[in-house]
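Q: What follows is a single structure, and I will ask about it in a moment.
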Amino acid sequence: MTRKYSRNFYEVVWPWRRMRQSTNSDVWKKALLQALVAATVAAVMLYLQHTLISAFILTLASVLAVSGIFMKPVYEKIELIGAKLGRLVAIALAWMLLVPFYYLFFWPMALLRRGKSKIIFSPSQSPHSYWRPRATEHTTDSYKRQY
C-alpha cells in the first residue's frame with residue numbers, strides 16, 4: 001500500500017517549490033546575474049594570476065549565460081546538478097568538520113569534568129528527615145489574592 005501524500009517536513013513548513021513558477025524572463029535574469037558574478041570572480045582570479053581556474057570559471061559563466069538565455073531546459077538541468085552538488089558538499093563538510101570538532105573539543109572537556117559534578121545525587125547519611133515544617137498555615141483567603 002502506498003501513501004497518497006508523501007511530503008517532506010520542509011515542504012510542509014516552507015513550500016518553496018510551489019511558491020511560483022519561474023517565467024522565461026526570470027530565468028534569463030537569474031542566469032545573467034549568475035554569469036556576471038562568476039565573471040567577476042574569474043576577473044579577481046585572473047588579477048591574482050590564477051589563469052587556469054580563471055578560465056574554468058569564465059567558461060562556466062559563459063555556459064550559464066548562454067543556456068539561461070537560449071536553452072531553458074539545459075539551464076534547469078545545470079541548476080539541478082548544482083543543487084545536488086551543493087547538498088553533497090554540505091553533507092561532506094558537516095561530517096568532516098563537525099565530527100572531528102566534537103572529538104577534539106567537547107569529548108576531552110567531558111572527560112576532564114567527569115566526577116566533578118556539583119549536583120549531589122546520593123541522599124545524606126544523617127538520621128534526620130528531609131521534611132521541613134511549614135512556617136504558616138494557609139487559609140482560603142490567602143489563595144484568592146496570591147500576588
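Q: Pairs, please: C-beta under 9 Å, at least 6 apart or cross-chain, first residue in contact (Cβ under 8 Å) with a residue 12 or more places away in the chain and in segment 52-81, second of a type in the set (K, R)?
A: Pairs found: S67/K77; G68/K29; G68/K30; Y75/K30.
Q: Additional query: Under 9 Å between Cβ atoms, at least 6 apart or on separate chains: pull out the pairs that start in segment 134-147 with a residue that is in a helix (DSSP H, G or I) and end on any residue that is surrounded by 10 or more Cβ atoms within 10 Å (Cβ to Cβ) and modelled with pLDDT under 75.
A: none
Q: Within segment 82-93, identify whether any single residue is within 27 Å of the chain's Cα centre (by Cα), touching a residue at least 12 places away in the same chain (Cβ under 8 Å), in a helix (DSSP H, G or I) and within 20 Å of V27 (Cα to Cα), and answer yes or no.
A: No, the conditions are met nowhere in segment 82-93.
Conditions tested, residue by residue: (1) outside any helix (DSSP H, G or I); (2) at pLDDT 90 or above; (3) surrounded by 10 or more Cβ atoms within 10 Å (Cβ to Cβ).
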position	(1), (2), (3)
S25	no, no, no
L36	no, yes, yes
A43	no, yes, yes
T59	no, yes, yes
E76	no, no, yes
V99	no, no, yes
P108	no, no, yes
K118	yes, no, no
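Q: Checking G68 against (1) in a helix (DSSP H, G or I); (2) out of contact with any Phe, Trp or Tyr (no Cβ under 9 Å at 6 or more places or on another chain), which single condition isn't satisfied?
A: (2)
The values are calculated or read from the model by the stated rules, or taken from the named source; none is laboratory data. If you're wondering where the values come from, they're calculated on a predicted model, not measured in any experiment. Glycine gets a Cβ as well: all are built from the backbone with ideal geometry, and neighbour counts include every protein chain shown.
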